[in-house]
Amino acid sequence: MANVASDKAVPRALIGACFLIGLSLLLELGVLLAAGRPVPTAGTWTSLGLNVFFIVLLLRRSRLAWQYGRLVMLLRAAQLGITLPNSENPSVAVVGVALVSTYLGISGLLSVADSTRYFHLFCPACDSAGKADDFLFKTVRCKTCGTKF
Ligand SMILES: [Zn+2]
């Protein structure tokens, strides 16, 4: 019974990741403001909509959203980390560093064991970690015993 109750609860790491997704939106706005660009733009609203959709998918245990969050946030952090040193505006650089930290935090919080258990990524037979068995990550294959779940 305890496992069922804890299985339904959203882990703190995932709540933290959702909070950081919201914070990253504010920081993206901050970068635009610091760069002197007009806000909000169509891109701002698109980003808001996509991030709300992303949070909903995460809370609905979408493994694809989980994978997206881990990998794309790392790529966004790397891309921003590469372009930031070219910024001549120090306030853009400061907000940008905070944004890079936020992206890394989202990826890290989604990678901790509590989050991966929430997305049922551990084999029910041997409790080993699994990997995607299909392109949309609907089924998982155990890396150890090969069970699909
Ligand atoms: Zn297994």
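The values are calculated or read from the model by the stated rules, or taken from the named source; none is laboratory data. Here the structure is a predicted model, which means the values were calculated and not measured. Positions of Cβ are backbone-derived with ideal geometry, glycine not excepted, and every protein chain shown enters the neighbour counts.
Do the conditions hold for Leu99, that is, is it away from the ligand (no atom under 16 Å from the Cβ) and in contact with an Asp or Glu (Cβ under 8 Å, 6 or more places away or on another chain)? In short, yes.
Among the residues of this structure, Phe137 counts as one that is outside the structural domain of Pro11 (by TED's automatic domain parsing) and in contact with a helix residue (DSSP H, G or I) (Cβ under 6 Å, 6 or more places away or on another chain).
Tell me, yes or no, whether the stretch 89-96 has at least one residue that is more than 16 Å from the ligand (Cβ to nearest atom), modelled with pLDDT under 95, within 23 Å of Ile21 (Cβ to Cβ) and touching a Gly at 6+ places or on another chain (Cβ under 6 Å). Scanning the stretch 89-96 turns up at least one residue that is more than 16 Å from the ligand (Cβ to nearest atom), modelled with pLDDT under 95, within 23 Å of Ile21 (Cβ to Cβ) and touching a Gly at 6+ places or on another chain (Cβ under 6 Å). Kindly provide the set of residues from the stretch 3-39 that are touching a Ser or Thr at 6+ places or on another chain (Cβ under 9 Å), part of a loop (DSSP other than H, G, I, E, B) and modelled with pLDDT of 90 or more, ordered by number. Once the filter is applied, which keeps residues that are touching a Ser or Thr at 6+ places or on another chain (Cβ under 9 Å), part of a loop (DSSP other than H, G, I, E, B) and modelled with pLDDT of 90 or more, the stretch 3-39 yields only Pro11.
Would you confirm whether or not the stretch 121-128 contains a residue that is over 19 Å from the mean Cα position of the chain (by Cα), of a type in the set (Ser, Thr, Tyr) and over 22 Å from Pro11 (Cα atoms)? No: the stretch 121-128 contains no residue that is over 19 Å from the mean Cα position of the chain (by Cα), of a type in the set (Ser, Thr, Tyr) and over 22 Å from Pro11 (Cα atoms). Only residues that are farther than 14 Å from Ser62 by Cα, in a loop (DSSP other than H, G, I, E, B) and more than 16 Å from the ligand (Cβ to nearest atom) were counted in the stretch 103-149, giving 1. So, Arg63, is that one within 16 Å of the ligand (Cβ to nearest atom) and either in the same structural domain as Arg12 (by TED's automatic domain parsing) or touching a Pro at 6+ places or on another chain (Cβ under 9 Å) (or both) or not? Answer is no for this residue. A single entry from Ala65, Ala93 fulfils the requirement of being of a type in the set (A, V, I, L, M), surrounded by 15 or more Cβ atoms within 10 Å (Cβ to Cβ) and farther than 30 Å from Lys8 by Cα: Ala93. Scanning the stretch 23-47 for residues that are without any contact (Cβ under 8 Å) to a residue 24 or more places away in the chain and either within 19 Å of Gly105 (Cα to Cα) or in contact with a Lys or Arg (Cβ under 6 Å, 6 or more places away or on another chain) (or both) gives Leu26, Leu29, Ser47. Please verify whether the stretch 69-77 includes one or more residues that are surrounded by fewer than 16 Cβ atoms within 10 Å (Cβ to Cβ) and not in a helix (DSSP H, G or I). Scanning the stretch 69-77, I find no residue that is surrounded by fewer than 16 Cβ atoms within 10 Å (Cβ to Cβ) and not in a helix (DSSP H, G or I), so the answer is no.
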